[in-house]
Amino acid sequence: MITVIGSLNMDLVVQMNAFPKQGETILGHAFQTVPGGKGANQAVAASRLGSDVAMIGCVGQDSFGETLCAGLQQERVNTEAIVHSATAPTGIANILIYNQDNRIVVVPGANYELAPSHIEASKELIQKSQMVIIQLEIPKETTSYAIQLCKEAGVPVLLNPAPAANFDKQWMKDIAYLTPNETECAEIFNEPVDQLLEKYPNKLIITLGSDGARYFDGTFPSHIPGYMTTAVDTTGAGDTFNGALAHALVEGQSLDEAVYFANLAASLSVEKFSAQGGMPTLGEVYARMAGLGE
């Protein structure tokens with residue numbers, strides 16, 4: 001079983017023909033509410049591939065919270081450890097889209113109400129997990145507490161350091177995998193990439209978008225290429241990669257195989273609209289893999 005500790009947001013997506021200037025009111029041409037939040041996205045990605053997944057997070061006592069929990073349940077994600085804040089609303093992301101560009105405002109809301117006490121209350125769930133996935137859209141002290149609890153329980157942690165500003169380098173000694181993209185890696189470490197990869201063999205996996213991912217296997221550098229495809233919406237590609245990587249590792253694949261699998265899953269995710277909308281099933285990943293072998 002995989003347990004995801006992280007954020008749940010409702011994405012409020014507005015499409016328009018131009019961004020408004022200061023003080024200007026314009027008409028948009030489309031509006032959608034789309035389930036999101038990096039934690040929820042990664043939970044859906046792993047579940048859709050066939051993993052048993054539980055989610056630990058916090059939403060408000062409002063319609064967005066109800067909708068997000070119901071959506072996860074439809075995706076076969078266990079939501080019993082999601083708490084409902086009596087004081088904060090469900091987190092949202094306001095996303096303005098124009099001409100393949102976007103401007104995003106995130107209001108964390110109840111995500112920042114997830115406390116160490118909530119992690120402690122889910123201790124048994126974490127202890128029986130085969131892997132825990134964490135991102136950084138929750139309070140830093142809660143992340144620290146969760147990592148320590150996982151260490152004591154002998155449960156490997158896959159940490160996706162986004163947003164990178166919330167990362168603490170002290171966590172490196174206690175996690176199994178760190179999966180920054182190139183920008184996040186530069187912000188966190190500010191060191192030459194080749195040197196960094198050798199410093200953290202089989203632990204630091206740098207994602208490169210359509211170019212795949214890199215890591216160092218202890219002897220040689222490894223670059224697992226991506227799959228070139230026509231992207232419709234790249235939102236959630238990184239979340240798909242992380243959910244798929246965790247799924248593959250828990251299933252017993254080698255790191256090389258797992259990164260390859262995660263790259264293919266991420267390539268499928270960008271071919272449809274919204275973060276969760278394009279996340280593939282196991283059959284879809286294997287079909288793409290079979291096509292490459294023909």
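The values are calculated or read from the model by the stated rules, or taken from the named source; none is laboratory data. Fair warning: this is a prediction, and the values are worked out from it, not measured in the lab. Neighbour counts are summed over all protein chains in view; Cβ atoms, including those assigned to glycine, are modelled from backbone coordinates with ideal geometry. These accessible areas exclude ligands, DNA and RNA; they are computed on the full protein's heavy atoms, side chains included. Shrake-Rupley method; radii C 1.70, N 1.55, O 1.52, S 1.80 Å.
Residue 216 exposes around 20 Å² of accessible area when a 1.4 Å probe is run over every protein chain in place.
Computed from point charges on the beta carbon alone (+1 for Lys and Arg, -1 for Asp and Glu), the dipole magnitude for the chain about its Cα centre is near 140 Debye.
Local charge sum around residue 165 (other residues, Cβ-Cβ under 12 Å, Lys/Arg +1, Asp/Glu -1)? Write out the running numbers ahead of the final one.
Values: positive: 140; negative: 137, 168, 184, 187.
Charge balance near residue 165 sits at -3.
Each peptide in 19-25, 159-165, 238-244 was scored by the mean count of other Cβ atoms within 10 Å over its residues; highest first, the order is 238-244, 159-165, 19-25.
Going by a ≥ b ≥ c, the root eigenvalues of the Cα gyration tensor, does the chain fall in the rounded group (a/c under 1.5), the prolate group (a/b larger than b/c) or the oblate group? Cα axes put the chain in the rounded bin. The helix-based estimate of mean residue ellipticity at 222 nm for the chain, built from -39,500 (n - 2.57) per DSSP H run of four or more residues and divided by its residue count, is -10500 deg cm²/dmol to the nearest 500. For region 100-203, run through the trypsin sites (Lys or Arg not before Pro) and keep only the ones in DSSP coil with at most 13 other Cβ atoms within 10 Å of their Cβ. Here the sparse-neighbourhood loop sites are 128. As a fraction of the 1.4 Å probe accessible area of the chain, surface on carbon and sulfur atoms comes out at 50 percent. Measuring spread by the Cα atoms of region 1-68 yields a radius of gyration and Dmax of 16.1, 50 Å.
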